[in-house]
Amino acid sequence: MSTQTEPVAREAGDQVAARRNERIGGPRMLELLERYGLVILLILVALFFTFWSHTSGVFPTSANLRNVAANESILVIVALAAMVPMVAERFDLSVGAIVATSAITTAKMLTAWNFPVVAGIVGGILVGAVIGLVNGVIIAHYNANSLVITLGMSTLLAGVGSYLTGNNTLLGVPQSLLNFGNLSWLGIPRPVWLFVIVALIVAFVLGGTVFGRRLLATGSNESAARLVGMPVSRTILIALVISGALSGLAGVLLLARTGSAAAGVGSGYTLPAVAAIFLGSTTIRPGRFTVIGTLVGVFFVAISVNGLTLAGAQDWVEPVFNGGAVVVAVAAAAILAKKRLGSAR
Amino acid sequence: MTQPLLGAPARCAVAVESVSKTFPGMRALDDVSFEIGRGSFHALLGGNGSGKSTLIKILAGVYQGDAGGSIRSGKEVVAAEAITPSWASRAGIRFVHQDLGLFGPMTVAENLFAGRPYPRTRAGSIDWPAMHREARRVLDAHGVEVSSRRLMSDLRPAEQTLVAIARCLFDVGSESVELLVLDEPTSRLPPAEVDELLESLDRYVAAGQSILYVSHRLNEILEHADVVTVLRDGKHIATRGMQGLDRAALTTMIVGAERDIARKREPRPIDPTVVMTVESLSSGPVREVGFDLHRGEVVGIAGLVGSGRTHLVETIFGVHRPVEGQVVVNDRRLRPGSIEGAIAAGLAYVPEDRAAHSAFRDLGLDMNLSAADLKRYRRGWFRRGAEVADGVADIARFAIRTPGVRAPLAQLSGGNQQKAVLARWLRRRPDVLLLDEPTQGVDVGARAEIYAQIEEAGRRGSAVLLVTSDLDELLHLSDRVLVMARGRLVDSAAGDAITRDWVATRMFAANQEES
């Protein structure tokens, strides 16, 4: 019965909305530039390396692009992991440490304890989820500072990693797992399929579920979210469990790609992941953490570093670029937010 | 529309000439001209979005006007596009904003000297005796009867406002203050202190001070202002003396059409069905409060600031866990301290501070409207289309002015944001609607619409518990009024027994008796 009344109401309302639009309008060009600035920059950088004589030989080849995409698949999943709690304004700086812990767990299960491959994969993901649960209980239930708790957890996990590996590199991973990390389906590396599926699922959870909406509302105004009856603590807890599980998945993928696990292998992912989500928050929907923005963020840095490396840049370029991206992205996000709130009056 | 600006400088403190302000896609001020006479209590009126705030920000130099206009203050003239905060300060225009900008944990004297050099001893340390002497002199000059050594946070709201004003005027003799601009100075004062503040302002005006007074409270303006300027949709509607103006005429000038909002509610029969019973509730400042709420009834809670009204409503809604007592809704006891339980039992709550407790400013209007009822859209996955359609229907039903159904809430005016918050709860058809200052800072037009929605909710069977500091609002909406003082219910009245005098005297007397 509601289907009969809805179109009428929609029409009337749209007319109202259209009239308001005419009156208020907006600085369209500037807004578009703000929204798609990073995307345009990404395209320009890609075009530059395609035609620049120092890189045009290798950069635009499908082998190079496939390689970049496959290499970044781990970072994409880690960044999406860190993004989920970030939507509710909770940091998860333990993502990198969880990657290492899960990779070590799976490696240990498959090599030392002779579990079947599937059990090893599930085990790695589960370990990540459990660590996320511990983070979540402390942060959500006791309202502890997420930054400090996850940083502490990160350090703790590094120690646990050393203990589990005895400071050795674990080798001898079954071929079937290595195949997943290094072969292609339909000409596209399997890890790329995996990150695309993960991205679609995360996007659906954020945009197409009640949980996603609660996460968004908590990030927008936590007190208001509580006062409309949303289970804010539970929402934050689940977000951190999801973050842990995705980091665990990234750890398994790391093992599949490299065939080895050692203490500390994942710690390098935390900062680039944070850089990517903050870069991403300046684009498409400025001020909001989105899946598509995060993908743009990851590949903006990856393409730039890849091009520079091909042109013969030194090792120090990548960390400088990553660190610079965090600082620039967070500053840009702050400036844009100030401008938006200023012009809304 | 432009008025000639030929008044002799001696008669005119500040003149606004042909000032316009265009924001991208919107003209906030359109060729506004008027003069503020020396020694005049000049009221500035207008609904939200009328351009009132924009004009004040231009006077303060926060915004620059479009080219072509100018501002004159005393002997200083400046083009509207070149105005800066330092010009406004040099030209003697002083501001007391709604947020007074005081430092609670510091003394009155330290607050008075904020932004000024502290008196120093020869050794270079602060000369406290000299500072307090000087502060005493300034306070005396403005008739502020508080000790310079008291902590700001210990003062009553009216006293705090007076100290903020004294800080602006400081030393009338040595600094020439052409115009004192007061933005909603009474919005957070209890009724008794409103008069205290306004009487002080009258004294300053009598002594020759010019005041530009911005307020939504028409009674204050009718009783105290000499001249009123009305803005509507960025245009100057009128600047005229107060002679012959009454409430209805002012309202017409502000909203552009006659709307009857000040009439007191007629006594009417109340459905005897009890929807909610509060039994001997104690929590924080609230002491043993008990009352019934009937179907469709609007019960107002009157009380001074600090009487525990907000805490009472929050406790009923489950924000605080009561120390003692309980709340029963439709014969079922509410789980203490559970907001989710309260909502499930049919309660709804519109809090006082919208920005802090109810608005999702960066989320779309549609998302704000559905925030209290998300599960309605969960059928397998989240039905975004149905959510947007409901948003569109509510925009029409509640006459919400918005750039679009998905526009971030921050793009709406305060009154329209508040309509959205109310609409959010009315969607659930609540059995009990708890409202805390539902029209604070909302313009007259939106206020009338909010009143209509509250009355409509009552007709549909919701019981309404209304906390408000606005006596007109209380009288206009309430079937019954409970008076609260120092955490207790001290009196109640229904129908014709509710009068302005009764409310004001009971509220104040009860406060005295207890102390």
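Whether any residue in segment B:319-334 is surrounded by fewer than 23 Cβ atoms within 10 Å (Cβ to Cβ), within 12 Å of another protein chain (Cβ to nearest Cβ) and aliphatic (A, V, I, L, M) is what I want to check. Scanning segment B:319-334, I find at least one residue that is surrounded by fewer than 23 Cβ atoms within 10 Å (Cβ to Cβ), within 12 Å of another protein chain (Cβ to nearest Cβ) and aliphatic (A, V, I, L, M), so the answer is yes.
Residues checked against (1) within 21 Å of B:H224 (Cβ to Cβ); (2) β-branched (V, I, T); (3) not assigned by TED's automatic domain parsing to the domain that holds B:N219:
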site	(1), (2), (3)
B:L44	yes, no, no
B:L55	yes, no, no
B:G61	no, no, no
B:R72	no, no, no
B:V78	no, yes, no
B:R120	no, no, yes
B:W128	no, no, yes
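Checked against (1) surrounded by fewer than 18 Cβ atoms within 10 Å (Cβ to Cβ); (2) modelled with pLDDT of 85 or more; (3) out of contact with any helix residue (DSSP H, G or I) (no Cβ under 6 Å at 6 or more places or on another chain), A:Q175 passes all but a single condition, namely (2). The condition of being modelled with pLDDT of 90 or more, out of contact with any strand residue (DSSP E or B) (no Cβ under 8 Å at 6 or more places or on another chain) and more than 29 Å from A:N114 (Cβ to Cβ) holds for A:L237.
Here's the yes/no breakdown for (1) touching a residue at least 12 places away in the same chain (Cβ under 8 Å); (2) surrounded by 17 or more Cβ atoms within 10 Å (Cβ to Cβ); (3) closer than 18 Å to B:I56 by Cβ:
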site	(1), (2), (3)
B:G143	yes, no, no
B:Q160	yes, yes, no
B:L198	yes, yes, no
B:E220	yes, yes, yes
B:A225	yes, yes, yes
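Scanning segment A:227-238 for residues that are within 22 Å of the chain's Cα centre (by Cα) and at the interface with another protein chain (Cβ under 7 Å from one of its Cβ atoms) gives no hits. When A:G120 is tested against (1) over 28 Å from A:P174 (Cβ atoms); (2) surrounded by 20 or more Cβ atoms within 10 Å (Cβ to Cβ), just one condition goes unmet, and that condition is (1). Of everything listed in (1) modelled with pLDDT of 90 or more; (2) assigned by TED's automatic domain parsing to the domain that holds B:L477; (3) not charged (D, E, K, R), the single unmet condition for B:L365 is (2). Quick one: which helices (runs of 4 or more DSSP H) lie wholly within segment A:268-345 and hold at least 1 residues that are surrounded by 16 or more Cβ atoms within 10 Å (Cβ to Cβ), in contact (Cβ under 8 Å) with a residue 40 or more places away in the chain and charged (D, E, K, R)? Counting at least 1 such residues, we get A:317-343.
Taking (1) of a type in the set (A, V, I, L, M, F, W, C); (2) surrounded by 23 or more Cβ atoms within 10 Å (Cβ to Cβ); (3) part of a helix (DSSP H, G or I) in turn, A:M230 satisfies each apart from (3).
Yes/no per residue for (1) within 14 Å of chain A (Cβ to nearest Cβ); (2) free of Cβ contacts under 8 Å to residues at least 40 places away in the same chain; (3) among the small types (G, A, S):
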| residue | (1), (2), (3) |
| --- | --- |
| B:P267 | no, no, no |
| B:I270 | no, no, no |
| B:A302 | no, no, yes |
| B:T310 | yes, no, no |
| B:S338 | yes, yes, yes |
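None of A:A203, A:A224 is within 14 Å of chain B (Cβ to nearest Cβ), part of a helix (DSSP H, G or I) and without any contact (Cβ under 8 Å) to a residue 24 or more places away in the chain except A:A224. Among residues of segment B:354-383 being facing chain A (nearest Cβ under 9 Å) and part of a loop (DSSP other than H, G, I, E, B), the one that is nearest to B:G341 (Cα to Cα) is B:S358.
Considering only residues that are surrounded by fewer than 21 Cβ atoms within 10 Å (Cβ to Cβ) and of a type in the set (S, T, Y), look in segment B:450-497 and name the one that is nearest to B:A348 (Cα to Cα). Residue satisfying both the conditions and the ranking: B:Y451.
Yes/no matrix, rows are residues, columns are (1) modelled with pLDDT of 90 or more; (2) in the same structural domain as B:S215 (by TED's automatic domain parsing); (3) outside any helix (DSSP H, G or I); (4) not aliphatic (A, V, I, L, M):
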| site | (1), (2), (3), (4) |
| --- | --- |
| B:T402 | no, no, yes, yes |
| B:K419 | yes, no, no, yes |
| B:A457 | yes, no, no, no |
| B:L474 | no, no, no, no |
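Has segment B:107-123 got at least one residue that is in contact with a Leu (Cβ under 9 Å, 6 or more places away or on another chain) and surrounded by fewer than 16 Cβ atoms within 10 Å (Cβ to Cβ)? Looking through segment B:107-123, at least one residue is in contact with a Leu (Cβ under 9 Å, 6 or more places away or on another chain) and surrounded by fewer than 16 Cβ atoms within 10 Å (Cβ to Cβ). A:S243 falls short on exactly one of the conditions (1) among the polar types (S, T, N, Q); (2) away from chain B (no Cβ under 14 Å); (3) farther than 30 Å from A:A107 by Cβ, and that condition is (3).
All told, A:T209 meets the bar of being surrounded by fewer than 20 Cβ atoms within 10 Å (Cβ to Cβ), β-branched (V, I, T) and within 14 Å of chain B (Cβ to nearest Cβ).
Results for (1) within 14 Å of chain A (Cβ to nearest Cβ); (2) over 13 Å from B:T239 (Cβ atoms); (3) in contact with a Pro (Cβ under 7 Å, 6 or more places away or on another chain); (4) at pLDDT 85 or above, shown as yes or no for each residue.
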residue: B:A10; (1), (2), (3), (4): no, yes, no, no
residue: B:V16; (1), (2), (3), (4): no, no, no, yes
residue: B:F23; (1), (2), (3), (4): yes, yes, no, no
residue: B:D31; (1), (2), (3), (4): no, yes, no, yes
residue: B:I36; (1), (2), (3), (4): no, no, no, yes
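Considering segment B:395-411, and only residues there that are touching a Lys or Arg at 6+ places or on another chain (Cβ under 7 Å) and more than 8 Å from every other protein chain (Cβ to nearest Cβ), the residue that is surrounded by the fewest Cβ atoms within 10 Å (Cβ to Cβ) turns out to be B:F398. Among the residues making up segment B:421-446, those that are assigned to a helix (DSSP H, G or I) and either under 15 Å from the mean Cα position of the chain (by Cα) or among the aliphatic types (A, V, I, L, M) (or both) are B:V421, B:L422, B:A423, B:L426, B:V444, B:G445, B:A446. Residue count for segment B:140-173 under the criterion of being within 12 Å of B:A109 (Cβ to Cβ) and polar (S, T, N, Q): the result is 2.
One residue alone among B:E134, B:E76 is among the acidic types (D, E) and surrounded by fewer than 20 Cβ atoms within 10 Å (Cβ to Cβ), and that residue is B:E76. Is there a residue in segment B:305-314 that is farther than 26 Å from B:G415 by Cβ and touching an Asp or Glu at 6+ places or on another chain (Cβ under 9 Å)? No, segment B:305-314 contains no residue that is farther than 26 Å from B:G415 by Cβ and touching an Asp or Glu at 6+ places or on another chain (Cβ under 9 Å). Comparison of B:A386, B:A344 shows that the only residue that is modelled with pLDDT of 90 or more and either more than 8 Å from chain A (Cβ to nearest Cβ) or surrounded by fewer than 22 Cβ atoms within 10 Å (Cβ to Cβ) (or both) is B:A344.
Restricting to segment B:92-106, count the residues that are closer than 18 Å to B:R150 by Cβ, surrounded by 13 or more Cβ atoms within 10 Å (Cβ to Cβ) and in contact with a Ser or Thr (Cβ under 7 Å, 6 or more places away or on another chain). Count: 1.
The values are calculated or read from the model by the stated rules, or taken from the named source; none is laboratory data. A quick note: this is a predicted structure, and the numbers were derived from the prediction, not measured. Glycine gets a Cβ as well: all are built from the backbone with ideal geometry, and neighbour counts include every protein chain shown.
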